[in-house]
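Engineer: First the structure, which I've put down as structure tokens, then a few questions once you've had a look.
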Amino acid sequence: MADRDKSIIVALARVAHAFQVLLRNETKTSSLSPIQIQILVFLISHPHRKCSVSTLAREFDLTKATISDSVRSLFEKSLIEKAESHLDVRSYTITLTEKGRQMAMEASDFVHPFQMLVSNLPERQKEAMYDGLVSMIHELHRMKIIGVQRMCYTCNHYEHHRSRHYCKLLETILENHKIQLDCEEHSAIG
């Protein structure tokens with residue numbers, strides 16, 4: 001492995017570590033576990049998606065039992081509500097309560113140092129970084145290391161033709177920075 005490759009891997013590990021440190025620090029102020037914070041942030045950033053234990057388990061690559069425990073705790077803290085399915089009494093969707101919405105908004109600020117750093121980068125550096133990260137995420141998904149990806153590359157609406165990205169749903173060419181990582185209109189291939 002080339003020295004630059006090793007250096008990039010070490011740098012990615014340090015960024016991942018920083019993310020975990022910030023998330024752990026948030027747990028101290030919110031009295032929530034890291035996964036509980038991530039669930040709240042997911043719910044607030046996906047307000048019209050039907051969220052269930054199964055959906056969250058796939059999203060976070062965790063077991064349903066682990067997610068169920070976290071959901072139960074969030075419910076007991078009055079941060080979420082459960083809406084039972086009319087079709088299956090064992091199934092329910094999860095939504096934030098007003099208290100949960102407030103907690104999710106506060107908790108989602110743990111990434112502020114990253115937002116500040118990224119916003120200060122030159123545009124060309126942002127573009128190169130985004131392209132590289134999107135490619136890595138796509139390959140990690142293809143290698144089955146990470147699960148659910150609602151990104152353009154895994155969508156039926158996406159086409160790559162003559163070095164151009166195209167969304168058939170929007171009927172538009174997508175610039176590299178417009179490649180979506182969490183698209184609400186995602187339609188999984190196959």
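Engineer: Just the accessible area per residue of the range 95-190, please: how many Å² with a 1.4 Å probe? Intermediate results must be reported in sequence, preceding the final value.
Structural biologist: Numbers: 6800 Å² over 96 residues.
Using a 1.4 Å probe on heavy atoms only, each residue of the range 95-190 averages 71 Å².
Engineer: While we're looking at this one, here's another question. Roughly to the nearest percent, how much of the accessible area of the range 134-190 is carbon and sulfur, given a 1.4 Å probe? Could you put the intermediate results ahead of the total?
Structural biologist: Details: 2050 of 4000 Å².
Roughly 51 percent of what the probe reaches on the range 134-190 is carbon or sulfur.
Engineer: Nearest 0.05, what FRET efficiency do Glu171 and Met136 give at R0 = 30 Å with Cβ-Cβ as r? Mind dumping the intermediate values first?
Structural biologist: Working: r = 28 Å, r/R0 = 0.95.
Efficiency, rounded to the nearest 0.05: 0.60.
Engineer: Which aspartates and glutamates have a Cα less than 20 Å from the Cα of Lys178, not counting those fewer than 8 places away in the same chain?
Structural biologist: Glu123, Glu127, Asp131, Glu139, Glu159
Engineer: So, one more: Between Glu81 and Lys126, what is 0.36 nm times their sequence separation minus the Cα-Cα distance? Round to one decimal in nm. Intermediate results must be reported in sequence, preceding the final value.
Structural biologist: Numbers: separation 45, 0.36 × 45 = 16.20 nm, distance 3.83 nm.
Going from the current span to full extension adds 12.4 nm.
Engineer: For Leu174, list long-range residues whose amide hydrogen, built 1.01 Å from N in the peptide plane, is under 5 Å from its own amide hydrogen.
Structural biologist: Under 5 Å from the amide H of Leu174: His165, Tyr166, Cys167.
Engineer: Toward the positive end of the charge dipole of the chain, about the Cα centre and with charges on Cβ (Lys, Arg +1; Asp, Glu -1), which of Leu79, Ser31, Gln180 goes farthest?
Structural biologist: Ser31
Engineer: Kindly provide the GluC sites (Glu not before Pro) of the range 128-186 that DSSP labels as loop, not H, G, I, E or B, and whose Cβ sees at most 12 other Cβ atoms within 10 Å. List each step's numbers first, then the result.
Structural biologist: Values: sites: Glu139, Glu159, Glu171, Glu175, Glu184, Glu185; in loops: Glu171, Glu175, Glu184, Glu185.
Sparse-neighbourhood loop GluC sites (Glu not before Pro): Glu171, Glu175, Glu184, Glu185.
Engineer: What spacing in nm lies between the two simple spin-label points modelled at Ser163 and Arg14, each 7 Å away from Cα in the Cβ direction?
Structural biologist: The answer from the label model is 3.3 nm.
Engineer: So how much accessible area does Met105 have, in Å² to the nearest 10, using a 1.4 Å probe?
Structural biologist: Approximately 100 Å² of Met105 is accessible to the 1.4 Å probe.
Engineer: Eight or more residues apart or on different chains, and alpha-carbon atoms under 23 Å: count the Lys pairs in the range 1-109 matching that.
Structural biologist: For the range 1-109, the number of qualifying lysine pairs is 10.
Engineer: Just going by the charge dipole of the chain, with Lys and Arg at +1 and Asp and Glu at -1 on Cβ, which of Met143, Ala57, Val111 is farthest out on the positive end?
Structural biologist: Result: Met143.
Engineer: Continuing with this model, one more query. List every residue whose amide H lies under 5 Å from the amide H of Tyr92, counting only residues 5 or more places away in sequence or on a different chain, with H placed 1.01 Å from N in the peptide plane.
Structural biologist: So Tyr92 has HN proximity to Val53, Ser85.
Engineer: Can you run phi through the Karplus equation (6.51, -1.76, 1.60; θ = phi - 60°) for the range 169-185 and list ³J(HN,Hα) in whole Hz, with x for Gly and Pro?
Structural biologist: 5, 7, 6, 8, 6, 9, 5, 3, 6, 9, 5, 7, 9, 8, 8, 5, 9
Engineer: Which residues' amide hydrogens lie under 5 Å from the amide hydrogen of Arg150, considering only partners 5 or more residues apart or on another chain, with H built in the peptide plane?
Structural biologist: Here Cys183 satisfy the definition.
The values are calculated or read from the model by the stated rules, or taken from the named source; none is laboratory data. Keep in mind that this is a model prediction, so the values were computed, not measured. Neighbour counts run over all protein chains shown; Cβ positions are idealised from the backbone, glycine included. We work out accessible area using only protein heavy atoms, side chains counted, and drop any ligands, DNA or RNA first. Shrake-Rupley method; radii C 1.70, N 1.55, O 1.52, S 1.80 Å.
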